[in-house]
1. Go through Ala183, Ala152 for me and flag whichever is within 16 Å of the ligand (Cβ to nearest atom), in a helix (DSSP H, G or I) and free of Cβ contacts under 8 Å to residues at least 12 places away in the same chain.
2. Identify the residue in the stretch 186-209 that is touching a residue at least 60 places away in the same chain (Cβ under 8 Å), of a type outside the set (S, T, N, Q) and within 16 Å of the ligand (Cβ to nearest atom) and, among all such residues, is surrounded by the most Cβ atoms within 10 Å (Cβ to Cβ).
3. Find the residue count for the stretch 63-110, including only residues that are within 16 Å of the ligand (Cβ to nearest atom) and at pLDDT below 95.
4. Can you confirm whether Ala176 is within 16 Å of the ligand (Cβ to nearest atom), among the hydrophobic types (A, V, I, L, M, F, W, C), over 24 Å from Arg87 (Cα atoms) and touching a residue at least 24 places away in the same chain (Cβ under 8 Å)?
5. Taking only the stretch 102-118 into account, find how many residues are among the hydrophobic types (A, V, I, L, M, F, W, C) and more than 16 Å from Ile91 (Cβ to Cβ).
6. Only one of these conditions is not met by Tyr245: (1) surrounded by 21 or more Cβ atoms within 10 Å (Cβ to Cβ); (2) over 19 Å from Arg117 (Cβ atoms). Which number is it?
7. Do we find a residue being within 16 Å of the ligand (Cβ to nearest atom) and closer than 22 Å to Asn251 by Cβ anywhere in the stretch 142-149?
Amino acid sequence: MATESDQEIATLSGAQLQRALLARLRFEQALGLESVRPVMSPPRVKLEEPRVPPSLPTTSPATPLSPIISPATSVATVATPITTAARWRDIEARVKTCAQCALHKGRNNVVFGAGNREAHLVFVGEAPGYDEDLQGLPFVGKAGQLLNRIVAAMGLNREDVYICNIVKCRPPENRAPLPDEIAACNPCFVEQIELIKPKVIVALGNSAAKTLLKTTQGITSLRGHWFNYRGIPVMPTYHPAFLLYQYIETNRKAVWDDMKQVMEKLK
Ligand code: SF4
């Protein structure tokens, strides 16, 4: 059905019609509606009215206008999916000002996550510590240095993997995050994983493993076994901070055995 705009345009002369269409084109382009451009190609809008017999359909004002001005057509034509980059920007912006749980009160920085956003392997820790909170980056303290060594031993660089925590702000005194803090931060973590789509997740320590696997079992019984998070294989292992604290051969070997399974899975 013709709109008021259709009817108005239908009464215009060729030159007026061209101006009206160009004005609409500029307006829609200003809104980012780039896909109207091909419809405006010259053959469909004749500049010199006298040269074109009125009986030809291409010169009828209604004919070229209908695909352009129909609201339904415009919306259907210009709808474009939100890009992955835009989604990353959106999450990051939201998290940086997030106050969804009490942890925002004591933070210096939100520790969003870092690394390759197309990584096949994601390491998920518990929460930022002192150094991470100061720098706004995950795993940059001593535990982070140990994680770097583990990653290197796997034949990877830190830039090859993505590293984040289940909670983005530092809990006071480095305590474990509380269930309500984990729940408040979970949507951000879920979005990160949805965007990265890794082939394997390594859950570092109790909090990460229990959160991802929705279990009350401890890391000692979980580690070394494969689990599943949203269709992605998960290998729980000891947190590097625990490994530093209990730097004994049994624990080091356990982590290395777990990482060998991860490397095998990534092949
Ligand atoms: Fe928001 Fe997560 Fe920080 Fe809580 S821990 S304030 S939910 S970003």
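The values are calculated or read from the model by the stated rules, or taken from the named source; none is laboratory data. These figures come from a predicted structure and were not determined experimentally. Note: ideal-geometry Cβ built from the backbone for every residue, glycine included; neighbour counts use all protein chains shown.
1. Details: Ala152 fails: within 16 Å of the ligand (Cβ to nearest atom).
Ala183 is the lone residue from the list that is within 16 Å of the ligand (Cβ to nearest atom), in a helix (DSSP H, G or I) and free of Cβ contacts under 8 Å to residues at least 12 places away in the same chain.
2. Only one residue tops the list, namely Ala208.
3. Adding up the residues that qualify gives 0.
4. On the way: within 16 Å of the ligand (Cβ to nearest atom): yes; among the hydrophobic types (A, V, I, L, M, F, W, C): yes; over 24 Å from Arg87 (Cα atoms): yes; touching a residue at least 24 places away in the same chain (Cβ under 8 Å): yes.
So Ala176 passes the test.
5. The initial filter retains those residues of the stretch 102-118 that are among the hydrophobic types (A, V, I, L, M, F, W, C), namely 102-103, 110-112, 114.
If we keep only those that are more than 16 Å from Ile91 (Cβ to Cβ) too, we end up with 102-103.
Total satisfying the criteria: 2.
6. Result: Tyr245 passes all but (1).
7. Initially, the stretch 142-149 is screened for residues within 16 Å of the ligand (Cβ to nearest atom), giving none.
No, because not a single residue in the stretch 142-149 is within 16 Å of the ligand (Cβ to nearest atom) and closer than 22 Å to Asn251 by Cβ.
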